[in-house]
Amino acid sequence: MAPPLLQLKDIALTFGGTPLLTGAELSVSTGERVSLVGRNGSGKSTLLRMAARLLEPDRGSVFVQPGALVRYLPQEADFSGYETTLAYVEAGLKPTDDAYIARYLLEQLGLTGQEDPAHLSGGEARRASLARVLAPDPDILLLDEPTNHLDLTTIEWLERDLASRRTALVIISHDRRFLSNLTRSTVWLDRGTTRRIERGFAHFEEWRDQLLAEEEREQHKLDRKIVAEEHWMRYGVTARRKRNMRRVGELASLREQRRTYRGVTGAATITASSAEQSGVLVIEAKGIGKIYGDRAVVSDFSIRVQRGDRIGIVGPNGSGKTTLISMLTGALEPDTGTVRLGANLAVATLDQHRDSLNPETTVRDALTGGHGDTVMVNGAGKHVVSYMKDFLFAAEQARTPLGKLSGGERGRLMLAQALAKPSNLLVLDEPTNDLDMETLDVLEDMLADYPGTVLLISHDRDFLDRLVSAVVVPEGDGRWIEYAGGYSDMLTQRGADLAREAPKTEALKAGKEGAASEPAAAKKRMSFKDKHALETLPKSIAAWQAEAAKLQSKLDDPSLYTRDRPGFEKITAVLGELQQKIAAAEEQWLELEIMREDLTG
């Protein structure tokens with residue numbers, strides 16, 4: 001096995017008298033892809049900061065292979081001292097790096113490089129931060145919630161980019177699909193210590209459940225043994241003058257073991273307050289449209305939403321998801337068309353703007369409206385502390401200002417606020433942001449059992465697949481199309497992910513053919529990225545072909561398969577990926593060469 005590029009051993013750290021880490025370990029070798037998972041507050045981000053040498057442990061060692069380049073993506077970046085996003089990204093380059101890569105990555109991520117870092121949205125800040133850590137092509141990438149604030153288009157681009165790199169990855173994320181697609185090992189941080197499985201995140205939950213079931217059995221055995229020893233203490237020594245001090249000591253040890261056992265943190269108890277049942281027809285929209293300036297955000301869209309439907313609305317940031325959902329719920333008047341709302345609708349809304357929470361308001365006042373200590377849930381009063389515990393808040397957090405809460409805590413608080421309101425139509429805008437996987441599971445179960453209707457904006461592909469019955473997707477020029485099934489079903493029907501243009505139906509081709517060809521006809525020059533690729537691809541292809549020839553020569557050894565089957569399979573897999581990369585690069589170069597010839601006449 002290759003020596004580790006990064007190794008953390010026996011890490012311990014205590015905050016405010018409470019142990020956070022009590023023997024955590026993390027090891028990463030060249031090219032490894034590791035998911036770091038655990039409950040919110042378990043210390044994942046702290047461990048990653050230690051790996052980045054930004055925080056020192058109370059005990060333990062942190063080793064980084066000399067010469068290895070490590071880049072760390074924090075949840076919140078520090079842009080101070082930089083006038084533009086391009087300057088911020090270029091500052092992260094190695095001295096030997098070509099500066100073009102900074103501009104290229106910013107372009108790929110939808111930024112110009114001239115943005116003022118002081119005025120970036122959450123999504124723009126995350127994209128600039130990603131460009132900075134990706135640009136120098138580091139040996140190790142430490143990514144803390146890399147998909148937060150990103151739309152699906154950017155998430156899918158990032159997934160493809162990371163998959164194509166040889167960089168070792170350690171990823172913290174609540175996005176199950178992202179972790180399943182990218183990781184090959186999983187480290188579970190639980191109650192201060194780590195356990196590892198050499199399989200990707202797709203296998204984690206089954207493995208975790210097995211470990212917890214075994215732990216529960218062991219605790220049950222311990223309880224029975226303590227009862228038996230206590231019985232001996234009371235009744236087994238009555239005929240003796242002297243107690244067996246060894247067994248007395250063993251009982252004390254068993255009691256201490258039971259006393260210090262840290263059980264698993266309980267799951268959230270998420271319940272939505274239900275209103276009286278709505279009519280069968282919830283929403284009927286006919287030919288609705290909305291134009292801002294000269295841009296059609298929604299054009300001629302129609303849909304019927306019936307009681308019990310779960311509708312997902314997905315698309316890139318800025319595509320008009322919030323505008324569409326506002327028109328469907330009657331919060332925004334369409335410019336054209338009509339929206340008819342069904343009878344007896346009671347709407348509860350969760351928006352994604354958590355920054356709108358007053359940072360000075362306490363958790364208790366946010367849940368009670370500042371009136372008393374009672375929250376009304378399903379028509380009955382519930383003490384605010386009891387309701388807080390349902391959403392995993394401790395009793396002592398009742399007086400905590402909202403500004404002191406973590407992202408996950410703010411997310412749970414806004415859920416608690418929205419779900420306390422009686423409803424039969426839930427409108428949820430990015431409800432999964434910052435929630436840990438266990439809380440996501442509970443939220444998913446609650447929404448599946450919710451007797452009303454759900455409209456959901458989300459970038460979490462796994463969450464959409466598990467929950468929704470239809471997906472509404474933008475297709476450009478203000479057109480939105482409804483696809484039956486979940487997100488994966490939509491991709492199958494559409495024939496492309498959101499980062500690529502879907503094949504147009506014959507109906508859409510009619511009348512749109514001329515408009516579709518205009519951008520191609522209007523293209524007057526090659527982009528910087530195209531020119532650079534045209535110049536550099538031949539060298540890259542030649543290097544990859546040489547590497548492929550070396551691998552093929554190893555496979556030509558007839559004894560390799562019987563002598564080293566794992567090695568044979570690994571070389572075969574690497575060679576296959578390399579051949580695909582060469583074929584794609586050759587095709588790209590040919591397209592660019594044809595483009596260059598067309599432009600030069």
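The values are calculated or read from the model by the stated rules, or taken from the named source; none is laboratory data. Bear in mind that the values here come from a model prediction, so they are computed numbers and not experimental data. Backbone-built Cβ (ideal geometry, glycine too); neighbour counts: all protein chains shown.
Selection of the range 440-490 for residues being among the acidic types (Asp, Glu) and out of contact with any Gly (no Cβ under 7 Å at 6 or more places or on another chain) yields Asp441, Glu444, Asp445, Asp449, Asp460, Asp462, Glu475, Asp477, Glu482, Asp489. If the condition is being over 21 Å from the mean Cα position of the chain (by Cα) and either assigned to a helix (DSSP H, G or I) or closer than 21 Å to Glu156 by Cα (or both), then the range 112-135 contributes Thr112, Pro117, Ala118, His119, Ala135. Looking across the range 333-360, just one residue is touching a helix residue (DSSP H, G or I) at 6+ places or on another chain (Cβ under 8 Å), crowded, with 16+ Cβ neighbours inside 10 Å, modelled with pLDDT of 85 or more and in a loop (DSSP other than H, G, I, E, B), and that is Pro334.
Say whether the condition of being acidic (Asp, Glu), in the same structural domain as Val298 (by TED's automatic domain parsing) and over 21 Å from the mean Cα position of the chain (by Cα) is met by at least one residue in the range 453-467. No, the conditions are met nowhere in the range 453-467. For the condition of a type in the set (Gly, Ala, Ser), modelled with pLDDT under 95 and surrounded by 18 or more Cβ atoms within 10 Å (Cβ to Cβ), Ser80 does not qualify. Name the single residue that is modelled with the lowest pLDDT among those in the range 14-44 being crowded, with 18+ Cβ neighbours inside 10 Å and outside any strand (DSSP E or B). Result: Asn40. Does the range 284-306 hold any residues that are among the hydrophobic types (A, V, I, L, M, F, W, C) and over 31 Å from the mean Cα position of the chain (by Cα), and which are they? Those that are among the hydrophobic types (A, V, I, L, M, F, W, C) and over 31 Å from the mean Cα position of the chain (by Cα): Ala285, Ile288, Ile291.
Scanning the range 83-103 for residues that are surrounded by fewer than 20 Cβ atoms within 10 Å (Cβ to Cβ) and more than 15 Å from Ser129 (Cβ to Cβ) turns up Glu83, Lys94, Pro95, Thr96, Asp97, Asp98, Ala99, Tyr100, Ile101.
When the range 318-332 is examined, which residues are found to be surrounded by fewer than 19 Cβ atoms within 10 Å (Cβ to Cβ) and either over 16 Å from Ala285 (Cβ atoms) or in contact with a Gly (Cβ under 6 Å, 6 or more places away or on another chain) (or both)? Scanning the range 318-332 gives a single hit, Gly318. In this structure, Asp390 qualifies as buried (at least 17 other Cβ atoms within 10 Å of the Cβ) and among the charged types (D, E, K, R). Taken together, the criteria exclude Asn433 from residues that are within 21 Å of Ile325 (Cβ to Cβ) and modelled with pLDDT of 80 or more. What about Asp497, is it at pLDDT 55 or above and outside any loop (DSSP other than H, G, I, E, B)? When the stated conditions are applied, Asp497 does not pass them.
You will find that of Arg103, Arg33, Arg49, Arg71, the residue that is closer than 29 Å to Trp207 by Cα, in contact with a helix residue (DSSP H, G or I) (Cβ under 8 Å, 6 or more places away or on another chain) and among the basic types (Lys, Arg) is Arg33 and no other.
Residue-by-condition table, conditions (1) over 21 Å from Asp351 (Cβ atoms); (2) without any contact (Cβ under 8 Å) to a residue 24 or more places away in the chain; (3) surrounded by fewer than 22 Cβ atoms within 10 Å (Cβ to Cβ):
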position: Ser406; (1), (2), (3): no, no, yes
position: Arg410; (1), (2), (3): no, no, yes
position: Ala418; (1), (2), (3): no, no, yes
position: Asp441; (1), (2), (3): yes, no, yes
position: Ser458; (1), (2), (3): no, no, no
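Scanning the range 272-300 for residues that are of a type in the set (Ser, Thr, Tyr) and in contact with a helix residue (DSSP H, G or I) (Cβ under 9 Å, 6 or more places away or on another chain) returns Ser273, Tyr292. Residue-level check: of (1) touching a helix residue (DSSP H, G or I) at 6+ places or on another chain (Cβ under 8 Å); (2) over 26 Å from Trp188 (Cα atoms), Gly408 misses just (2). Among the criteria (1) at pLDDT 90 or above; (2) more than 30 Å from Leu324 (Cα to Cα), the one Lys242 does not fulfil is (1).
Of the residues making up the range 115-128, those that are closer than 18 Å to Asn433 by Cα and surrounded by 22 or more Cβ atoms within 10 Å (Cβ to Cβ) are Arg126, Arg127.
Pro146 passes every criterion in (1) loosely packed, with under 14 Cβ neighbours inside 10 Å; (2) outside any helix (DSSP H, G or I) apart from (1).
Within the range 170-196, if we keep just the residues that are of a type in the set (A, V, I, L, M) and in a strand (DSSP E or B), the residue that is nearest to the chain's Cα centre (by Cα) turns out to be Ile172.
Here the range 547-581 is the region considered, the condition is being among the polar types (S, T, N, Q) and modelled with pLDDT of 80 or more, and the residue that is farthest from Ala163 (Cα to Cα) is Ser553. Could you go through the range 72-85 and let me know if any residue there is in a strand (DSSP E or B) and not assigned by TED's automatic domain parsing to the domain that holds Arg412. Scanning the range 72-85 turns up at least one residue that is in a strand (DSSP E or B) and not assigned by TED's automatic domain parsing to the domain that holds Arg412. Within the range 364-381, how many residues turn out to be in a strand (DSSP E or B) and surrounded by 16 or more Cβ atoms within 10 Å (Cβ to Cβ)? Here the count works out to 2.
Does Leu419 count as hydrophobic (A, V, I, L, M, F, W, C), at pLDDT 80 or above and under 17 Å from Leu456 (Cα atoms)? Answer is yes for this residue.
Residues in the range 270-325 that are within 22 Å of Leu440 (Cβ to Cβ), part of a loop (DSSP other than H, G, I, E, B) and in contact with a Leu (Cβ under 9 Å, 6 or more places away or on another chain): Ile270, Thr271, Ala272, Ser273, Asp309, Val314, Gly315, Asn317. Tallying residues that are of a type in the set (A, V, I, L, M) and closer than 30 Å to Trp207 by Cα within the range 52-68 yields 3.
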